[in-house]
Amino acid sequence: MAGARRSFLGICYCDPKGREEQTVVADLDGAVFFSRSSFPYFFLVAIEAGSFLRGAFLLLLYPLICFLRSFVSGSLATQMMIFVSMSGLKIRDIQLVAKAVLPKFYASDVREDAWRVIGACKRRILVTSDPIIMVEPFAVEFLRANAVVGTEIEVNRWTGRATGLVKSPGVVAGELKVRAVERVLCGELADLAIGNGESDYDFTAICKECYMVHPDPSAAVVPPDCLNKPIIFHDGRLIERPTPINALIVYIWLPFGFLLALVRVHLHSFLPIHLVIPIYHRIGVHVIVHGTPPPPPSPNSPGSMFVCNHRTLLDAVMIHVALKRKVSTVTYSLGRMSELLSPIPLVRLTRHRPTDRRLISSFLNSGDLIICPEGTTCRERYLLRFSQLFAELSDRIVPVAIESRQSMFHGNTARGWKSLDVYFFFMNPRVRYEVTILDGLPGEWTYKSGTPAIDIANQVQQLLGATLGFQCTVLTRKDKYMALSGNDGRVEAAVSSIKVAL
């Protein structure tokens with residue numbers, strides 16, 4: 001390589017102005033990302049594409065990985081994490097984790113000072129020692145990377161599974177990193193390089209300007225709305241980034257959490273409804289109720305339709321607890337285990353509109369009904385498009401705003417074992433459910449009065465969005481499942497995708 005080595009200036013000295021036509025080469029590991037350790041991301045692949053047992057094995061090897069990185073070779077440590085976390089896994093499963101799980105954690109690891117410069121450049125080449133299959137979905141979709149340079153893993157062409165080994169020339173680090181960037185640049189010099197320290201000094205030979213990102217615990221994380229697009233949908237069971245300490249805490253808590261979940265799940269079946277909230281509070285389930293419910297149905301009046309946003313499978317149960325009276329709810333593609341555990345009657349929808357209209361109308365004639373027009377859960381502070389069917393079937397519509405908070409595990413999943421959703425929710429040390437019962441829609445905002453059903457649906461969505469501080473969208477259930485699992489969310493579609501993968 002030609003050219004004299006030059007020193008790096010700190011990233012704070014880099015002016016992002018006037019770089020609209022420039023090319024930047026940036027190291028993701030420790031420069032764009034705060035973390036210089038990729039262990040949390042390999043751990044997520046291990047448990048989400050594999051199992052918690054595989055994740056436990058990776059965690060047990062963490063001291064050895066640190067020893068190899070510090071005293072032998074960083075590349076060897078990376079190879080070990082690749083082998084333990086990926087060997088024998090279907091490439092399709094790894095790709096889905098990279099697309100649905102990792103972006104949420106990567107986004108919270110991006111440094112604002114580095115992104116301020118990178119985001120100002122037209123062409124972005126991002127470099128990492130990690131496997132491209134892990135990093136590329138986030139880098140392309142959320143950082144608008146034109147090229148991602150990284151390690152390539154071997155795949156058994158007969159089985160479609162990762163072997164756990166890496167393709168030649170090996171882990172992309174040091175001199176290999178620079179050679180890989182040179183191939184992307186095709187002999188040209190990049191305008192700007194952003195590195196993380198000693199290992200990136202060789203970038204100075206292929207870039208006109210070079211800057212270093214120093215470790216700084218006080219540096220800010222880039223605001224989510226400053227990335228290429230917001231993260232609305234994501235999957236995976238863990239809420240906190242699984243650093244080695246956090247991962248160890250999860251495994252220590254798992255047996256205690258499972259026993260606690262058994263108590264919380266089945267306690268409802270043995271208690272009078274008026275005692276559920278006080279007892280729940282004593283075992284770490286805080287149900288907060290705001291507003292006054294409408295009067296219960298009588299022989300001369302049909303039941304009310306409680307229309308709520310959808311956060312977890314327990315939304316209807318918590319509304320039932322808040323109302324302290326008998327109520328039913330509609331479901332679609334709910335697992336048999338969840339149906340058996342439900343303390344309230346369920347109305348299974350068919351997605352055949354005339355049939356569903358008859359089912360819902362018959363239940364409304366005999367009692368109150370809870371419906372979630374979004375059709376699926378959303379973890380972030382967004383509301384999906386509301387189906388208009390509910391507005392055509394009742395003039396007694398009561399909007400209900402739902403907010404839930406968990407600390408360790410997500411209580412819903414798009415591609416995992418849905419039958420365990422309720423247990424994972426209740427395995428959290430503490431959970432909080434906030435139920436806000438709003439006033440019923442006025443007479444002029446009913447289908448009978450001539451208001452179009454779509455306008456009523458949009459009005460209820462906006463009302464709940466304003467109450468919760470959520471942003472309304474036109475995204476649907478199909479959008480979510482296509483983004484997270486590659487199917488439209490129907491049971492038959494999910495089964496078909498599994499058969500194709502096999």
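The values are calculated or read from the model by the stated rules, or taken from the named source; none is laboratory data. Given the structure is predicted, the values throughout are model-derived calculations rather than measurements. Note that we place each Cβ from the backbone using ideal geometry, even for glycine, and neighbour counts take in every protein chain shown. Calculation scope for accessible area: heavy atoms of the full protein, side chains included, ligands and nucleic acids excluded. Shrake-Rupley method; radii C 1.70, N 1.55, O 1.52, S 1.80 Å.
Quick one: in the stretch 13-27, which of the residues that are open to solvent by less than 10 Å² (accessible area, probe 1.4 Å) and touching an Asp or Glu at 6+ places or on another chain (Cβ under 8 Å) is nearest to Gly197 (Cα to Cα)? So that I can check it myself, show each step before the final result.
First, the residues of the stretch 13-27 that are open to solvent by less than 10 Å² (accessible area, probe 1.4 Å): 14, 24-27.
Filter again for touching an Asp or Glu at 6+ places or on another chain (Cβ under 8 Å), leaving 14, 24, 27.
Numbers: Cys14: 16, Val24: 17, Asp27: 10 Å.
For the stretch 13-27, the residue satisfying everything is Asp27.
Being at positive phi and open to solvent by less than 10 Å² (accessible area, probe 1.4 Å) narrows it down to one residue among Gly160, Gly174, Gly187, Gly164; which is it?
Details: Gly160 fails: open to solvent by less than 10 Å² (accessible area, probe 1.4 Å); Gly174 fails: open to solvent by less than 10 Å² (accessible area, probe 1.4 Å); Gly187 fails: open to solvent by less than 10 Å² (accessible area, probe 1.4 Å).
The conditions single out Gly164.
Answer with yes or no whether Arg405 is under 17 Å from the mean Cα position of the chain (by Cα), surrounded by fewer than 17 Cβ atoms within 10 Å (Cβ to Cβ) and in contact (Cβ under 8 Å) with a residue 12 or more places away in the chain.
Details: under 17 Å from the mean Cα position of the chain (by Cα): yes; surrounded by fewer than 17 Cβ atoms within 10 Å (Cβ to Cβ): yes; in contact (Cβ under 8 Å) with a residue 12 or more places away in the chain: yes.
Taking the combined requirement at face value, the residue satisfies it.
Report the residue count in the stretch 428-446 for those that are over 30 Å from Asp395 (Cβ atoms) and open to solvent by less than 10 Å² (accessible area, probe 1.4 Å). Don't jump to the end; show me each part of the working.
Taking the stretch 428-446 and keeping what is over 30 Å from Asp395 (Cβ atoms), we get 428-432.
Next cut, open to solvent by less than 10 Å² (accessible area, probe 1.4 Å) only: 428, 431.
Here the count works out to 2.
Based on what the data block shows, is Ala193 open to solvent by less than 10 Å² (accessible area, probe 1.4 Å), within 28 Å of Ala483 (Cβ to Cβ) and aliphatic (A, V, I, L, M)? Walk me through how you get there before you give the answer.
Values: open to solvent by less than 10 Å² (accessible area, probe 1.4 Å): yes; within 28 Å of Ala483 (Cβ to Cβ): no; aliphatic (A, V, I, L, M): yes.
So Ala193 does not fit the description; no.
Could you tell me whether Ser449 is touching a strand residue (DSSP E or B) at 6+ places or on another chain (Cβ under 8 Å), open to solvent by 30 Å² or more (accessible area, probe 1.4 Å) and more than 13 Å from Arg311 (Cα to Cα)? Quick ask: steps written out before the conclusion?
On the way: touching a strand residue (DSSP E or B) at 6+ places or on another chain (Cβ under 8 Å): no; open to solvent by 30 Å² or more (accessible area, probe 1.4 Å): yes; more than 13 Å from Arg311 (Cα to Cα): yes.
So Ser449 does not fit the description; no.
Filter the stretch 40-53 down to residues that are crowded, with 22+ Cβ neighbours inside 10 Å and within 19 Å of Ala107 (Cβ to Cβ), then give me how many there are.
So the answer is 6.
Determine which member of the set Ala77, Ala56, Ala145 is under 29 Å from Glu380 (Cα atoms), hydrophobic (A, V, I, L, M, F, W, C) and buried (at least 19 other Cβ atoms within 10 Å of the Cβ).
On the way: Ala77 fails: under 29 Å from Glu380 (Cα atoms); Ala56 fails: buried (at least 19 other Cβ atoms within 10 Å of the Cβ).
Just one listed residue meets the conditions, Ala145.
Restricted to the stretch 218-245, and to residues that are part of a helix (DSSP H, G or I) and touching a helix residue (DSSP H, G or I) at 6+ places or on another chain (Cβ under 8 Å), which residue is surrounded by the fewest Cβ atoms within 10 Å (Cβ to Cβ)? Outline the logic, then answer.
Pass one, the stretch 218-245, residues part of a helix (DSSP H, G or I): 224-226, 244-245.
Among the residues that remain, those that are also touching a helix residue (DSSP H, G or I) at 6+ places or on another chain (Cβ under 8 Å) are: 224, 226, 244.
Values: Pro224: 15, Cys226: 12, Pro244: 17.
Going through the qualifying residues, I end up with Cys226.
Name the residues in the stretch 340-364 that are within 16 Å of Val327 (Cβ to Cβ), open to solvent by less than 50 Å² (accessible area, probe 1.4 Å) and at pLDDT below 80, would you?
Ser342, Val347
Do any residues in the stretch 452-465 that are open to solvent by less than 10 Å² (accessible area, probe 1.4 Å) have Cβ atoms under 6 Å from those of residues that are at pLDDT 95 or above, where the two are at least six apart or on different chains, and which pairs are they?
These pairs meet every condition: Ala457/Phe386; Val460/Val307; Val460/Pro399; Leu464/Asn309; Leu464/Pro399; Leu464/Ala401; Gly465/Leu383; Gly465/Cys472.
Residues of the stretch 163-189 being aliphatic (A, V, I, L, M) and out of contact with any Ser or Thr (no Cβ under 6 Å at 6 or more places or on another chain), which ones?
Just the residues of the stretch 163-189 that are aliphatic (A, V, I, L, M), to begin with: 165-166, 171-173, 176, 178, 180-181, 184-185, 189.
Once the filter is applied, which keeps residues that are aliphatic (A, V, I, L, M) and out of contact with any Ser or Thr (no Cβ under 6 Å at 6 or more places or on another chain), the stretch 163-189 yields Leu165, Leu176, Val178, Ala180, Val181, Val184, Leu185, Leu189.
How many of the residues making up the stretch 48-58 are within 15 Å of the chain's Cα centre (by Cα) and closer than 14 Å to Phe83 by Cα?
Residues of the stretch 48-58 that are within 15 Å of the chain's Cα centre (by Cα), as a first pass: 48-49.
From what's left, closer than 14 Å to Phe83 by Cα: 49.
Total meeting the criteria: 1.
Are there any helices (runs of 4 or more DSSP H) wholly within the stretch 6-70 with 3 or more residues that are under 30 Å from Ile118 (Cα atoms), and if so which? Steps first, please.
Working: elements: 39-45, 52-60, 62-67.
Correct list: 39-45.
Could you tell me whether any residue of the stretch 415-422 is small (Gly, Ala, Ser), in contact with a helix residue (DSSP H, G or I) (Cβ under 6 Å, 6 or more places away or on another chain) and open to solvent by 30 Å² or more (accessible area, probe 1.4 Å)? Don't jump to the end; show me each part of the working.
Just the residues of the stretch 415-422 that are small (Gly, Ala, Ser), to begin with: 416, 419.
From what's left, in contact with a helix residue (DSSP H, G or I) (Cβ under 6 Å, 6 or more places away or on another chain): 419.
Now drop any that are not open to solvent by 30 Å² or more (accessible area, probe 1.4 Å), which leaves 419.
Yes, the stretch 415-422 has at least one match.
Any idea which of (1) open to solvent by 30 Å² or more (accessible area, probe 1.4 Å); (2) in contact with a Pro (Cβ under 7 Å, 6 or more places away or on another chain) is the one Thr151 doesn't satisfy?
(1)
Here are some conditions: (1) hydroxyl-bearing (Ser, Thr, Tyr); (2) open to solvent by less than 30 Å² (accessible area, probe 1.4 Å); (3) in contact with a strand residue (DSSP E or B) (Cβ under 9 Å, 6 or more places away or on another chain). Thr376 meets all but one. Which one does it not meet?
(3)
Do any residues in the stretch 142-163 that are without any contact (Cβ under 8 Å) to a residue 12 or more places away in the chain have Cβ atoms under 6 Å from those of residues that are open to solvent by 20 Å² or more (accessible area, probe 1.4 Å) and not in a loop (DSSP other than H, G, I, E, B), where the two are at least six apart or on different chains, and which pairs are they?
Hits for this filter: Asn156/Thr163.
Would you be able to say whether some residue in the stretch 290-299 is in contact with a strand residue (DSSP E or B) (Cβ under 8 Å, 6 or more places away or on another chain), part of a loop (DSSP other than H, G, I, E, B) and open to solvent by 60 Å² or more (accessible area, probe 1.4 Å)? If you could, list the steps in order and put the result at the bottom.
Of the residues in the stretch 290-299, the ones in contact with a strand residue (DSSP E or B) (Cβ under 8 Å, 6 or more places away or on another chain) are 290-294.
Next, only the ones that are part of a loop (DSSP other than H, G, I, E, B) stay: 291-294.
Subset that is open to solvent by 60 Å² or more (accessible area, probe 1.4 Å): 292.
Yes, some residue in the stretch 290-299 is in contact with a strand residue (DSSP E or B) (Cβ under 8 Å, 6 or more places away or on another chain), part of a loop (DSSP other than H, G, I, E, B) and open to solvent by 60 Å² or more (accessible area, probe 1.4 Å).
Specify the residue that is nearest to His352 (Cα to Cα); the eligible residues are those in the stretch 382-397 that are modelled with pLDDT of 95 or more and either assigned to a helix (DSSP H, G or I) or open to solvent by 10 Å² or more (accessible area, probe 1.4 Å) (or both).
Out of the qualifying residues, it is Arg385.
Exactly one condition in (1) in contact with a Phe, Trp or Tyr (Cβ under 8 Å, 6 or more places away or on another chain); (2) open to solvent by 10 Å² or more (accessible area, probe 1.4 Å); (3) not hydroxyl-bearing (Ser, Thr, Tyr) is not met by Val400; state its number.
Just one mismatch for Val400, condition (2).
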